[in-house]
Amino acid sequence: MKKITVALAGNPNSGKTSIFNMLTGARQHVGNYPGVTVEKKEGLCKHGDYEITFVDLPGTYSLSAYSIEELVARNFVIDQRPDVVVDVIDSSNIERNLYLATQLIEMNVPLVLAFNMSDIAEQRGLSFDIDQLSRLLKAPIVHTVGNKAKGKDELLEAVREIVERHRERHPHIVHYGDEIEEEIAKVGLLIAEKEPKLAVKYGKRWLALKLIETDSDIAERVESRDVLDAAEASTEHLRSIFSDEPEIVIADRRYGFISGACQETIKSTVESRHSASDMIDAVVTNRILGLPIFLLLMYLVFFLTFKIGQYPMGWLEWFFEWAGAAIAGLWPVGSESAIKSLLVDGVIGGVGGVIVFLPNILLLFAAIALLEDSGYMARAAFIMDRIMHKIGLHGKSFIPMLIGFGCSIPAIMGTRILENKRNRFTTIMVIPLMSCGARLTIYMLIIPAFFADKVLLRTGIFTIRTQALMLWMIYLIGIVLAVVCAKVLRLTLFKGETTPFVMELPPYRMPTGKSICIHMWHRGWMYLRKAGTIILGIAIILWVAMSYPKPPAESLRGLNAEQRQQAALKYSVVGRVGSAMEPAIKPLGFDWKIGTALVGAMAAKEVFVSQLGIVYAVGDVEKGAHSLRRQLQDNYSALTGFCIMLFCLISAPCVATIVMTKQETNSWAWAAFQFLALTAMAYVITLAVFQIGSLITG
Amino acid sequence: MGEKHVRPLSMVRVGETVKLVKVNAGRGLNSRLAAMGLVANTELTVLSNSHPGPFVVTVKESKVMLGRGMAHKIMVV
C-alpha cells in the first residue's frame, strides 16, 4: 500500500465539498490548521494499491496573501508539498475558476483539473474541447458531477497517473508581456544566485513573480536584501510603466491567457444562463418580499432546531432518568452511598447534560446545510447586510445570533458559517447575551413571583400585560447589550476595516441528502468528542463541589428531607463560595442564598431554579414552584427580583458555553475573556440598577 | 462614436451593461476583486441597485454582490 496526499483546491461554490464527500464518504476528520481557526478536513480513500489522504483546502478565488484562507491553502501547497493537487472547477463558470488554476500551475505542482457540475454546463449548452484545453493548460482534465458521484474513478485514475508518470512541469504557462517577463527574469536570476535553497524549493520564477506582486508572506521568507531591493525596484519600474499596481496588471494578463484558451476550446450554444436562478432571485431578494421571506425561513430554522428538537431531547432526558433510576435501584432503598451519588448525579447527570444538546446541534446543522447548499445563505447575507453592517457584523451573523435564543451551544458552533475571523469572534462573544431557553426558566420563576399580571393597555387588537412586558423587556435588554457590545468590540479588540463586502451569489442548487447527513454527522461528532468530553469533566467537578464536603451526621438529626438537602448544600464548596461571595453581591441586592444558586447555575442556567429550591428547602421545584415564589416574595423586593433576572441574563455563561467558545476560538484565553467580561458587565449594570432603583423606591 | 465618460458603478442603472476601467481601492480589495473576475475590460451587468442596499452585478458567469461603498470605487464606461 503506497500512501499519498492529495489536496483539493477550488473556488467557493465550485462543488469542492461534494467532490470531497464523493471521494471520502464519511471517513473524514475535521480539525484546524495549526494556529488558525480555519477548518481543515481530511479524508481517506483507497484506489488500487494507493491509500490516498485527501485534504480539503479552504475555498478561495486566488492564492494571494490577503486572507487567512488563501494563505492557508497556499502554504499547504508549497510547504506540505502534496503529491497531487486536484483543482475543482465549476464547469459552468470556467473563466473565473481557471484563475486559481493558473496560479496552481505557476506553483509547479502536479495538478489535475476536475471539471465539476459538468451536467449543468451541458444543460447550459456548453461544450468543451477537453484535449485541446488540457494541452493549453498542461494538466489532465476530468469531468465530474460531485453531487451525483460521477467521475470518481476517472478522477482517481488521473491522480494515479500523475503520481506514477513523472510529468514535465510547466510553470511558465502565462506570458506576462515583455516588460514584466524581463523583470521576472532579472529577479529570478538574482534569487537563483542569492537564495539557492528557496529557488529549489519554490522555483525561482514563481518567487520572482510573487515578489513583484509585493506578496508580504513570500517577502518574509526571503533573507537576501539584494533580492528584496531588486524586486522592489522592478515593482516600482513596472508601476511607472503601467501606472497601475503590477499585481493588477498580472491578474489582467492571467485572465487574458484564460479567455484566449477558452475561446479556442469552449463553445456555447445557448444564450440564457441563470434563468431559473434569476427567477428565484427576483422573488427572494425582492425589495418588499425579501425580508418577510427571510424571516419566515429563519422562523422555520428556529422551529426545526428547537420545537422539533424538543421531542428527541425529551426522549433522551427520559432515557437518562430511567438509566439513573435503574442504577440507583442497585442500592437498597434509603441508603446513602457516595458511589451511587457519583454515578447517578455526577456521571449520568453529566453525560445526559452533554447529550441533551445533540438533537439541537444536528437539526441546526441540517438547516444550515440546507441553506448553504441550496445557495440561499448568500441571499440571506444580502438581505440582512444593511442592518447587520451598522453594528459592524456580517449579514450572516444574524443566524447564529437568532439560534442563541434557543441555546448558545449550537449558536456558537453555527458561527462557522462566517468566514471572517473578526466577525466570527465578535459574534461568538455576544451570543450569550441572547436569552437562551434555560434562562427562560429563571424568568418564568421570577416574573410571576414579583409582578402581578395587570393589564396595562387594552386596545382592540392586543393587550399589554405586566408579565409579558417584563419578559419582553429582559429579552430586549439582552439584544440591545449584544448590539452595543458587538459595536464596541468591532471598534476595539476586533478593529479593522469591515471586510469589504464582496460576495458571490451562487446559482441555486438542489441540496443532496448525503451532503446534509455528512454535515450533521461531522458537527455532532465534533461536539461530542471535542466539547462533550470537557463539558462532562467540568460537570462532574461542579457536582463534587455541590456535594462535598458532607455535613457531619449529627447536625442533620431531626431534619426532614428538604432541610437535610438545604444543610448539605450550605455545607458544600458551592454553598461556602456562595456565602463567601455575600459581601461582594450585597450591593446588588443579593444574599448568600442567591449567591449559592448563582454558583450552581454555572453548570447550566436552569440549575439556578433548582438550587434556589434547595436553599429554600421547598423540595422539588416543579411541584413547589408556588411555595418557592412565596419564599422569594417574602424575602426580596421586586427590584431584587428584576436584578436577579438581569444578572442571570448578562453574567457568566454556563460551562458548556465557555467550553464551546474555547473550542471554536481555539483558545482558553478568549473563553476566559468572555466569561470575565460578561460577568464584570453583569456586575456593573446590576449594581447600577439596584442602587439607582433603591434610591427611587426608597 | 465619442468615448462614453467614465463613472462609478454606483451610477449605473439596473439592466445596463458596462465595461470595467479601474478600481480605485487599496491593494487588498483590488486583488480580491481581480480574483473574482473584476479586472479591466470585464463586462458587468447591473442586476440590482436598490438604494441603500448592496449592489448585484453579473461578472463573467457569476453574480457578485458588492457593498455600496465599493460600487463607488469601481470605475466603468
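The values are calculated or read from the model by the stated rules, or taken from the named source; none is laboratory data. Note that the structure is predicted; figures quoted are calculated from it, not measured. Every residue, glycine as well, gets a Cβ built from its backbone with ideal geometry; the counts of neighbours run over all protein chains shown.
Annotations
Each row is one residue, and each column tells you yes or no for (1) under 9 Å from the mean Cα position of the chain (by Cα); (2) β-branched (Val, Ile, Thr); (3) within 26 Å of A:Met384 (Cα to Cα).
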{"residue": "B:Glu16", "(1), (2), (3)": "no, no, yes"}
{"residue": "B:Lys19", "(1), (2), (3)": "yes, no, no"}
{"residue": "B:Asn24", "(1), (2), (3)": "no, no, no"}
{"residue": "B:Gly28", "(1), (2), (3)": "no, no, yes"}
{"residue": "B:Ala35", "(1), (2), (3)": "no, no, yes"}
{"residue": "B:Ser50", "(1), (2), (3)": "no, no, yes"}
{"residue": "B:Val57", "(1), (2), (3)": "yes, yes, yes"}
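- Taking first residues from region A:509-525 that are farther than 10 Å from A:Leu362 by Cβ and partners that are aliphatic (A, V, I, L, M) and in a helix (DSSP H, G or I), the Cβ contacts under 6 Å between residues at least 6 apart in sequence or on separate chains come to A:Pro511/A:Leu370; A:Ile516/A:Ala366; A:Ile516/A:Ala369.
- Condition met for A:Thr427 (free of Cβ contacts under 8 Å to residues at least 60 places away in the same chain, crowded, with 22+ Cβ neighbours inside 10 Å and polar (S, T, N, Q)): yes
- Residue check, A:Arg254 basic (Lys, Arg) and either under 22 Å from B:Ala40 (Cα atoms) or in the same structural domain as A:Ser64 (by TED's automatic domain parsing) (or both): yes
- Of all the residues in region B:15-40, those that are more than 8 Å from chain A (Cβ to nearest Cβ) and either of a type outside the set (Val, Ile, Thr) or surrounded by fewer than 12 Cβ atoms within 10 Å (Cβ to Cβ) (or both) number 7.
- Subset of region A:1-28 [assigned to a strand (DSSP E or B) and modelled with pLDDT under 85]: A:Gln28
- Taken together, the residues in region B:30-40 that are in contact (Cβ under 8 Å) with a residue 12 or more places away in the chain and assigned to a helix (DSSP H, G or I) amount to 1.
So that you can scan it fast, the table gives a plain yes or no per residue for (1) more than 9 Å from chain A (Cβ to nearest Cβ); (2) not in a strand (DSSP E or B):
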residue	(1), (2)
B:Ser10	yes, yes
B:Val64	no, no
B:Gly69	no, yes
B:Met75	yes, no
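- Residue list for region A:440-493, filter: closer than 25 Å to A:Leu612 by Cβ and within 23 Å of the chain's Cα centre (by Cα): A:Gly478, A:Leu481
- Considering (1) modelled with pLDDT of 90 or more; (2) crowded, with 21+ Cβ neighbours inside 10 Å; (3) under 27 Å from A:Ile212 (Cβ atoms); (4) not basic (Lys, Arg), the lone condition that A:Phe76 does not fulfil carries the number (2).
- Residue count for region A:12-37, restricted to those that are over 21 Å from the mean Cα position of the chain (by Cα) and surrounded by fewer than 16 Cβ atoms within 10 Å (Cβ to Cβ): 2
- Taking region B:41-62 as the range and being in a strand (DSSP E or B) and buried (at least 20 other Cβ atoms within 10 Å of the Cβ) as the test, the residues that pass are B:Leu44, B:Val46, B:Leu47, B:Asn49, B:Phe55, B:Val56, B:Val57, B:Val59, B:Ser62.
- Extreme residue, nearest to A:Trp521 (Cα to Cα), among residues of region A:1-57 that are out of contact with any Pro (no Cβ under 9 Å at 6 or more places or on another chain) and among the basic types (Lys, Arg): A:Arg27
- Those residues of region A:682-694 which are surrounded by fewer than 16 Cβ atoms within 10 Å (Cβ to Cβ) and farther than 15 Å from A:Ala638 by Cβ, in sequence order: A:Val684, A:Ala688, A:Gln691
- Condition met for A:Phe302 (away from every other protein chain (no Cβ under 12 Å) and aromatic (Phe, Trp, Tyr)): yes
Matching residues to (1) among the acidic types (Asp, Glu); (2) under 24 Å from A:Met546 (Cα atoms):
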{"site": "A:Ala604", "(1), (2)": "no, yes"}
{"site": "A:Val607", "(1), (2)": "no, yes"}
{"site": "A:Arg630", "(1), (2)": "no, no"}
{"site": "A:Asp634", "(1), (2)": "yes, no"}
{"site": "A:Ala638", "(1), (2)": "no, no"}
{"site": "A:Phe642", "(1), (2)": "no, no"}
{"site": "A:Gln663", "(1), (2)": "no, no"}
{"site": "A:Trp668", "(1), (2)": "no, no"}
{"site": "A:Leu678", "(1), (2)": "no, yes"}
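- Helices (runs of 4 or more DSSP H) fully within region A:150-210 counting 2 or more residues that are among the charged types (D, E, K, R) and within 30 Å of A:His47 (Cα to Cα): A:152-164
- In region A:100-139, the residues that are at pLDDT below 90, closer than 21 Å to A:Ser62 by Cα and polar (S, T, N, Q): A:Asn108
- Among the residues listed as A:Ile594, A:Ile614, the single one being at pLDDT 90 or above, touching a Leu at 6+ places or on another chain (Cβ under 8 Å) and under 28 Å from A:Val354 (Cα atoms): A:Ile594
- When A:Ile162, A:Ile191, A:Ile184, A:Ile212 are screened for being of a type in the set (A, V, I, L, M, F, W, C) and touching a residue at least 60 places away in the same chain (Cβ under 8 Å), only A:Ile162 passes.
- Positions within region A:383-401 being facing chain B (nearest Cβ under 10 Å) and in contact with a helix residue (DSSP H, G or I) (Cβ under 6 Å, 6 or more places away or on another chain), in sequence order: A:Ile383, A:Asp385, A:Gly395
- Failed criterion for A:Phe294 (all others in (1) surrounded by fewer than 17 Cβ atoms within 10 Å (Cβ to Cβ); (2) under 30 Å from the mean Cα position of the chain (by Cα); (3) at pLDDT 85 or above hold): (1)
- Selection status of A:Thr235, on the phi > 0 side of the Ramachandran plot and within 14 Å of another protein chain (Cβ to nearest Cβ): no
- Filter result for A:Asp252 (farther than 17 Å from A:Leu505 by Cβ, within 13 Å of another protein chain (Cβ to nearest Cβ) and either among the acidic types (Asp, Glu) or touching a strand residue (DSSP E or B) at 6+ places or on another chain (Cβ under 9 Å) (or both)): yes
- Set side by side, the residues A:Arg160, A:Arg225, A:Arg165, A:Arg205 differ, and just one is at pLDDT below 90 and of a type in the set (Lys, Arg), which is A:Arg165.
- Taking first residues from region A:281-297 that are within 13 Å of chain B (Cβ to nearest Cβ) and farther than 19 Å from B:Met65 by Cα and partners that are surrounded by 13 or more Cβ atoms within 10 Å (Cβ to Cβ) and of a type in the set (Val, Ile, Thr), no Cβ contact under 7 Å between residues at least 6 apart in sequence or on separate chains turns up.
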